Structures are given as C-alpha cells and as structure tokens.
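One structure is given below, encoded as structure tokens.
The values are calculated or read from the model by the stated rules, or taken from the named source; none is laboratory data. From a predicted model like this one, the values you see are computed outputs, not experimental measurements. Backbone-built Cβ (ideal geometry, glycine too); neighbour counts: all protein chains shown. Ligands, DNA and RNA are stripped out before the accessible areas are found, and what is left, the full protein with its side chains, is counted by its heavy atoms. Shrake-Rupley method; radii C 1.70, N 1.55, O 1.52, S 1.80 Å.
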Amino acid sequence: MATNRTFTMIKPDAVGNGHMGSILNDIISAGFKIKAMKYIQLSQAQAEGFYAIHRERPFFKDLVSFMISGPIVAAILEKDNAVEDFRKLIGATDPSKAEEGTIRRKYAKSIDANAVHGSDSDENAEIEGNYFFSQFERF
Ligand code: GDP
C-alpha cells in the first residue's frame, strides 16, 4: 500500500554551499509538509548503517566519507504520493542527467555530491525515517 511519507537528507555539499534554505523552500513550495527535522553531523557508524545496502558497491567508502564530511539536514516529509513525487522533484542521481528545474540539477555538482537524498520506496521511507527519528520526534 502506498503511504504518504518519504525521508530526505540535505547532504553536506548542499549545506556547505549555503543551499539549505533554498532547498527547504523548494520542498515546501512543492507541497511537502515537514513532519520531523534535525540538523546533525553523522558519525561514520551512522552513515555506514544508513547506506548498508550499498556496502558492496565500489563507491561505498567515498559515499560514507562524503556523508560525514559536514552537517546534514534529515527530515520526514508528507504529501500524497510522497516517494514518487519527491524523486521527481530531486531528479536523477547524476545531476548532469537530472531534468531542468530539479533540485539536483540546480544545486548538485556530481553523482557523489548530489545535494539530496530521497527514499526510493515506501518501505525504505519507513525504515529510513525510523533510523533517524523516534516516535516522540515526529508529528
Ligand atoms: P539515489 O537513490 O538517487 O540517491 O541513488 P543510489 O541509491 O543509487 O545511490 C545512493 C547514493 O550513492 C547516491 O545518491 C550518491 O550520493 C552515491 N552514488 C551513487 N553512485 C555513485 C558513484 O558512482 N560514485 C559515487 N562516489 N557515489 C555514488
């Protein structure tokens, strides 16, 4: 069953380049409601745990060291058809292939430093939201 929630992170490149406010504005303007949000710097163990599914991929080490290189914003978002609509809003993983007007096209520089994360399924949205937020930290 489709749920109406997704999970996002504004990644260290976008925070470091001063795009945090613009990206949050794009997300809210697109109709997403923020149900939980925190501004944190991940530890190595937290980043490895989050991306455990990619452990065998050649870019895993680079991905983890990038994700702990500076603060991030983690948030649970709500909207009808949240997972699919959010993936459309952020665009393709590789920003050079992302459509004009998408968040990655506007704010990302490369496939590794690609500004934002968006869950790829309802199931993962639930798992990822639970990874960052307890039941007392969300609306
Ligand atoms: P997403 O769902 O669009 O975020 O893409 P994936 O689930 O395939 O990959 C997770 C994250 O790993 C991406 O958002 C990138 O930050 C990173 N990533 C994916 N492919 C590469 C790659 O070829 N090299 C590096 N360094 N990072 C990658």
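Summary of computed values
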| read-out | value |
| --- | --- |
| Mean separation of Cα contacts under 8 Å (6+ apart) over length of the chain, as relative contact order % | 38 percent |
| Label-point separation, ASN17 to GLN44 (7 Å along Cα→Cβ), nm | 2.7 nm |
| Fraction of accessible area attributable to carbon and sulfur, region 31-119 (%, probe 1.4 Å) | 51 percent |
| Unit Cα scatterers, Debye sum, region 5-137: log10 I(q)/I(0) for q = 0.13, 0.17, 0.19, 0.21 Å⁻¹ | -0.48, -0.88, -1.13, -1.42 |
| Accessible area (Å², per residue) of region 5-137, counting only protein heavy atoms and a probe of 1.4 Å | 52 Å² |
| Listed residues ASN114, ASN81, HIS19: farthest to the positive end of the dipole of the chain (Cβ charges) | HIS19 |
| Cβ-placed point charges (K, R +1; D, E -1), dipole of the chain about Cα centre in debye, nearest 20 | 320 debye |
| Alpha-carbon centroids, region 34-78 and region 86-139: separation in whole Å | 11 Å |
| FRET efficiency estimate (nearest 0.05) - Cβ-Cβ, SER121 to ILE28, R0 22 angstrom | 0.40 |
| Label-reachable residues, region 61-95, where backbone N falls under 13 Å from a point 7 Å from TYR51's Cα toward its Cβ | 61-70 |
| Over the chain: helical MRE at 222 nm, DSSP H runs n ≥ 4 each giving -39500 (n - 2.57), nearest 500 | -10500 deg cm²/dmol |
